[in-house]
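Single-structure report; data block below.
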Amino acid sequence: MRDTIAQTLSCQPDRTVAAGDGWTFGDPVASDTCSAVTVQVINTVTNRSATNTLIATRTWLASDACGNTNTCQQTITVQLGTLARITASPHSGIMGYGDNLTLSVTASSSTTCTYQWCIGGTNIAGATGSTLTLQGLQYTNAGVYSVIVSNAAGAVGSPAAVIDVAPKLFYQRNGTGLVLNWPGTFALQASPVVTGPYADVPASASPFTPKMNLPQRFFRLRSLTFNLVSNYTGGQFFLSGPGVPGCNFIFQCSTNSTDWVNLATNPAPIAFIDSDAAQYPTRTYRVVMAQPIVNPAPLSPPSLTASPQGQTTENGSGVTLTASASGSGPLSYQWQLNGINLSGATSSSLSLSTLQFTNAGLYSVVVSNAAGTVTSPAAVLNVGAALSPQHIGNGLQLTWPSPFVLQSAVSAAGPYSDLAGAASPYLHNTAASPQGFFRLRSPPITFTTNYSGGQFYMSGPGVPGYNFIFQASTDLVHWINLQTNASPVAFVDPLAWQYPNRSYRAVIAY
């Protein structure tokens, strides 16, 4: 009898893992009722998808002595994440001959990063950290530096940092004299005053011993004049020359001698090639020094350290709202009332004098700099009605704003009742009633409601000078704030149609 039944072969379930997680393919399980089973790996296929995932699939083959076979596969999907984001790039600069240089990069990444520093686009051996340190700089260290930051998702390069290495004039006392030394091919200059003018010192070469019987002199170095050699062959333009030791130069071209385009940058000695010269028969070329500009420190967006605080005050009085923020300067401030900019309100504080009911509302401040903006939480300003007294003869004249109602009581603790027919100004006869206590109350508030087009509307005069919060609830116990605005009240709930059992109310905001 011949065994013709294929053995059972079961692979482990497919898996999805994150980049950086350890994983391996799981061994399959094989069995056969008649003979031993041999399991081997046929192949492993790895593909990268458009969704930034790595898909690895391994296939196993099981066979027995009778020639029966079976296969199975397991797929591992690796989520590679996103590219690293460089948050701080290496800085350009001019370093002194013999100085130490440290360049650094900072990157944000959800997975582990690796680094490779380059000069002129060529990898620097062993420079695989987030910082690059070079000791005792030579002119040959001048160049264009960059760093490639890689993670599981791929690689991203930093902006280039141009590093120049400037010559130094070294001096050493020799008995009663002075010996000057300098590296490289530079000319020595001297001047009787530090501000110049300077002139070349004839026949000076390093080391140089100045004559001590001369008046006081100041020394400096200048670069030597150099010539460029150009050549056009095979449709390419070549430009070369010694340049200045330690300096970087930019190769530029123009078709009108006014607008110049940068083609390449490299340190001395100069060696530029324009491989596209054949396309531009009227192209002009020049070489200029690449002046390294020290990169500014990364800007810090504004962050509020103190927000304006809500207040309740009386009409006719004054109030000052303040805020403070940190972040890269300069910081600019713009105060807003109910989300609308207040003209001229551009300092860290806002002062309001002789308050009226119309000054009530939600005050906030927007703080901005070149890195972004931040808006403070709203501060609720209520402007309450003030009762103003004035003695007139034997009477006390009381004035107050409309539409508030005057109340009186025989003691400060009350009870208070409306003073029938009282209108501002009101004259209280102190001879007939020597003692009296007065206060104001708001008129009754009536709201008008409407439901239309799936929206709930609620409006009313409110209380002059006061802000109201529009709240909603589905159980009359738990209330959520939907909107706040000053009187007159005007609320809209555009989501009312989603809550058929919603109840609404308006409460004074403090």
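A compact table of results
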quantity: Extreme residue, positive dipole direction of the chain, given options S326, S254, W60 (C-beta unit charges); calculated: S254
quantity: Segment L495-Q135, extension gain: residue separation times 0.36 nm, minus the distance between their alpha carbons; calculated: 122.9 nm
quantity: Long-range HN-HN contacts of G246 with modeled amide H, under 5 Å; calculated: A268
quantity: Net charge dipole size for the chain [Lys, Arg +1 and Asp, Glu -1 on Cβ; Debye, nearest 20]; calculated: 1260 debye
quantity: Cα-based shape type of the chain, given that a ≥ b ≥ c are square roots of the gyration tensor eigenvalues and the cut on a/c is 1.5; calculated: oblate
quantity: Karplus-derived HN-Hα couplings along region 120-130 (A = 6.51, B = -1.76, C = 1.60, θ = phi - 60°), whole Hz, x at Gly and Pro; calculated: x, x, 9, 4, 9, 4, x, 8, 10, x, 6
quantity: Cα centre as origin, Lys/Arg/Asp/Glu Cβ charges: region 1-145 dipole, Debye; calculated: 340 debye
quantity: Surface accessible to a 1.4 Å probe, per residue, for the residues of the chain, Å²; calculated: 56 Å²
quantity: Carbon + sulfur, % of accessible area of region 429-510 - ligands and nucleic acids excluded, 1.4 Å; calculated: 54 percent
quantity: Compactness of region 419-510, expressed as Rg and Dmax over alpha-carbon positions, Å; calculated: 19.1, 64
quantity: Modelled FRET efficiency - R0 51 Å, V288 with D21, Cβ distances, 0.05 increments; calculated: 0.50
quantity: Relative contact order [Cα under 8 Å, 6+ residues apart], the chain, whole percent; calculated: 7 percent
quantity: For the chain, cysteines whose Cβ has no other cysteine Cβ within reach (under 4.7 Å); calculated: C34, C66, C113, C118, C247, C253
quantity: Kirkwood Rh, angstrom, region 156-253 [1 / mean 1/r, Cα pairs]; calculated: 16.7 Å
quantity: Region 360-453 - percent relative contact order, Cα under 8 Å, separation 6 or more; calculated: 23 percent
quantity: Phi-based couplings in Hz for region 305-313 (Karplus 6.51, -1.76, 1.60; Gly and Pro marked x); calculated: 9, 8, 9, x, 10, x, 8, 10, 9
quantity: Nearest-10 value in Å² for the accessible area of K211, using the 1.4 Å probe; calculated: 140 Å²
quantity: Spacing of the two label points (7 Å from each Cα toward its C-beta) at S35 and Q116, in nm; calculated: 5.1 nm
quantity: C253, C113, reordered so the largest accessible area comes first (probe 1.4 Å); calculated: C113, C253
quantity: Charge dipole of the chain about the Cα centre (unit charges at C-beta), most positive-ward option of N266, L188, L387; calculated: L188
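The values are calculated or read from the model by the stated rules, or taken from the named source; none is laboratory data. Keep in mind the model is a prediction, meaning the values are calculated, not measured. Note that we place each Cβ from the backbone using ideal geometry, even for glycine, and neighbour counts take in every protein chain shown. In case anyone asks, the SASA skips ligands and DNA or RNA and just uses the protein heavy atoms, side chains included. Shrake-Rupley method; radii C 1.70, N 1.55, O 1.52, S 1.80 Å.
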